[in-house]
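Just below is one structure, and these are the notes that go with it.
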Amino acid sequence: MTPKTSPSFKDSIPPHVAAPLIERARFAPGDIVRHRMFDFRGVVFDVDPVFANSEEWYEAIPADIRPAKEQPYYHLLAENEDSSYIAYVSQQNLVSDAEHGPVDHPQIDAMFDGMVKGRYRVRSIHRH
């Protein structure tokens, strides 16, 4: 007589389980980036693996240019010709921009400790 074995966890999973495809982050804190469509650039200071802002903020983006939620989103110390501000941008809308030099944002010195090889070094008090 063969002993009965209970089904394994693997046996309880349906043959096809859909899971969102999540891209890996292309940028890290300290990287200098610019927006693909709008005229601003900035320094990444935090990364969300997927969209983590309010639904109201997301719905305010025109539907024809609204990015997918299942991708990294970046918090930037951003600047344009007129002002400095904080921006929240999807990965699909950013490209590297280190070749255009430093970013002139008033909070740079509070979060970063100078530049090395085209990227800002995160101050040790902000590392986690």
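Assorted remarks:
- FRET efficiency for Ile125 and Tyr58, using Cβ-Cβ distance with R0 set to 30 Å, rounded to 0.05: 0.45
- Coarse-grained scattering of the stretch 26-126 at q = 0.10 Å⁻¹, given as base-10 log I(q)/I(0) from a Debye sum over alpha-carbon atoms: -0.26
- Gain upon complete extension [Val95, Met37; 0.36 nm per residue less C-alpha separation]: 19.8 nm
- Taking amide H atoms as placed 1.01 Å from N in the peptide plane, the amide H of Gln71 lies under 5 Å from those of Phe51, each 5 or more residues away in sequence or on another chain.
- Label zone at Asp46 (point 7 Å along Cα-to-Cβ), backbone N below 18 Å, the stretch 94-128: 106-113, 122-128
- Relative contact order, whole percent, for the stretch 21-128 stands at 30, derived from Cα pairs under 8 Å and 6 or more residues apart.
- Modelled FRET efficiency - R0 35 Å, Ala25 with Asp104, Cβ distances, 0.05 increments: 0.90
- Length added when fully stretched, Lys117-Tyr85, from 0.36 nm per residue minus Cα-Cα: 9.1 nm
The numbers here are math on the coordinates, done by the rules we state, and not lab data. Worth saying up front: this structure is predicted, and the values here are computed from it rather than measured. Please note: Cβ atoms are built from the backbone with ideal geometry, for glycine as well, and neighbour counts cover all protein chains shown.
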